[in-house]
1. Within segment 303-312, track down each residue that is modelled with pLDDT of 95 or more, surrounded by 15 or more Cβ atoms within 10 Å (Cβ to Cβ) and in a loop (DSSP other than H, G, I, E, B).
2. Could you pull out the residue among T315, T343, T339 that is farther than 18 Å from F199 by Cα, of a type outside the set (A, V, I, L, M) and surrounded by 18 or more Cβ atoms within 10 Å (Cβ to Cβ)?
3. I76 fails exactly one of the following numbered conditions: (1) part of a helix (DSSP H, G or I); (2) buried (at least 17 other Cβ atoms within 10 Å of the Cβ); (3) hydrophobic (A, V, I, L, M, F, W, C). What is the number of that condition?
4. Does R101 satisfy the condition of being modelled with pLDDT of 95 or more, surrounded by 19 or more Cβ atoms within 10 Å (Cβ to Cβ), over 22 Å from the mean Cα position of the chain (by Cα) and among the basic types (K, R)?
5. Do any helices (runs of 4 or more DSSP H) entirely within segment 167-267 hold 3 or more residues that are of a type in the set (V, I, T) and closer than 30 Å to Y103 by Cβ, and if so, which?
6. Among the residues of segment 270-302, how many are within 27 Å of L207 (Cα to Cα), part of a loop (DSSP other than H, G, I, E, B) and touching a residue at least 24 places away in the same chain (Cβ under 8 Å)?
7. Could you tell me which numbered condition S29 fails, if it satisfies all but one of (1) in a helix (DSSP H, G or I); (2) at pLDDT 90 or above?
8. For segment 70-79, does any single residue satisfy the condition of being touching a residue at least 24 places away in the same chain (Cβ under 8 Å), of a type outside the set (S, T, Y) and over 23 Å from I222 (Cβ atoms)?
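The values are calculated or read from the model by the stated rules, or taken from the named source; none is laboratory data. What you see is a predicted model; the values in this text were computed from it and never measured. Backbone-built Cβ (ideal geometry, glycine too); neighbour counts: all protein chains shown.
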Amino acid sequence: MESFYALALIAGILVTCVLLVLIAIYHNSFKTEIPPDIDQPSKLRLYHCTYVLMEILAKKLQSLGILEDHKLTRLIFDGLPACRDSKLFIKDLHFDEVPVRIYLPREPSASKRRGVIFFHGGCGIFGSIRSHERICRSIATNSDSVVVSVGYGLSPEHKYPAQTLDCLTATLHFLKAAENYGVDPERVIVCGDSAGGTFATSVCQELVNRREIPKIRAQVLIYPLVQALNFNLPSYQQNAFIPFLSRERTVHFILKYLQKDYSLKEAILAGSHVPERITLKYRKWINPDLIPETFKLGYKPPLPSPFLPQAYGETKELFETRVSPLLAEDAVVCCLPDTCIITCEHDVLRDDGLLYKKRLEDNKVKVTWHHMKEGFHCALGFFGYGIFSFPSSSKMVNHIVTFIKGY
């Protein structure tokens, strides 16, 4: 009898797994678009099905009170541990209580090296030092730089703006102590992907008027989010259902990051959270007319949406430069360091990068721009996994390394 119950339990688990897979495939087929010119579409579809399955499981576990959904997602984001690296000294430290991991090339250097401070992506909710381990190792080894990966506190455990403040704290500490790690403090570069790119340029903005520390030499922004006012730009329309960051997911994660009510999502997607005076003030910087025509295929201007004072009142953080660095004044932007921006064609945040590129260039900041025509959001996170990676992942890291080596 016990054997019967055991077999029944196993059968039940298998049936549940099959049903979850079928649900994930169904959800993926009807709510996701995989363009034929995207990087390895079949592999991407398989990964996205797995991601959707994980999301379904996470929500089920949360509903049962077993585990909060974002904690399971974090486990997936972290990926597999990397093997030992004989070319680097790798050490876990704290910079003024902020956890960091430092990567130092073992090969002696005749002069002081450049330093790279890396802020991982993940919407301020996911990701970690471990999730970007392979990327940081590659940057350190191939650019002969000392890399500091910052483990800033994640939301919701750490409330906004703890993430940017942790990044700022770690950066200030490293600028002051750079020589202790064999780094020239005049050759420090900040780098980040997605939300990490937001934090990177926000840190640069906050440091432009600090005279007591060395200036940041350059910044590398990989598909950054730089504005949270307009979610109807051409890239949002064209890539509304692209893995892994759809238009709806973008706003959902922003609300989760800021610990706001998800019922505000539709109002924000429609732009109803933005007062007319703010729209008029910032349309010189956030405007589809500023996007090159080659990126506007099929774009349709959205219908006007009524302003909802409650939505504005509850989401005022979206207008702060720590969330929307594109809104910084010219007096700040003109002082920003040389910049490398990487955008992906199949990414809702593509036009954020294009608008920030124009803004920087209008303020006479030197910009190096790389556009990945086959790329998609999160592609960088697959770097270093061999056949399980994507060609665009390696191309991005090569662009990052090449840019860094120029400083």
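1. Initially, segment 303-312 is screened for residues modelled with pLDDT of 95 or more, giving 306-312.
Subsequent filtering for residues that are surrounded by 15 or more Cβ atoms within 10 Å (Cβ to Cβ) retains 307-308, 311-312.
Of everything in segment 303-312, those that are modelled with pLDDT of 95 or more, surrounded by 15 or more Cβ atoms within 10 Å (Cβ to Cβ) and in a loop (DSSP other than H, G, I, E, B) turn out to be F307, L308.
2. None of the other options fit; the residue is T315.
3. (2) is the only condition that I76 fails.
4. Working: modelled with pLDDT of 95 or more: yes; surrounded by 19 or more Cβ atoms within 10 Å (Cβ to Cβ): yes; over 22 Å from the mean Cα position of the chain (by Cα): no; among the basic types (K, R): yes.
Judged against the criteria, R101 is not a match.
5. Details: elements: 195-207, 234-238, 247-258.
In segment 167-267, 195-207 are the helices (runs of 4 or more DSSP H) which contain 3 or more residues that are of a type in the set (V, I, T) and closer than 30 Å to Y103 by Cβ.
6. Of segment 270-302, the ones within 27 Å of L207 (Cα to Cα) are 278, 281-286.
Narrowing the set further to residues that are part of a loop (DSSP other than H, G, I, E, B) leaves 283-286.
Next cut, touching a residue at least 24 places away in the same chain (Cβ under 8 Å) only: 285-286.
The number of residues fulfilling the criteria is 2.
7. In the conditions (1) in a helix (DSSP H, G or I); (2) at pLDDT 90 or above, S29 misses (2) alone.
8. no
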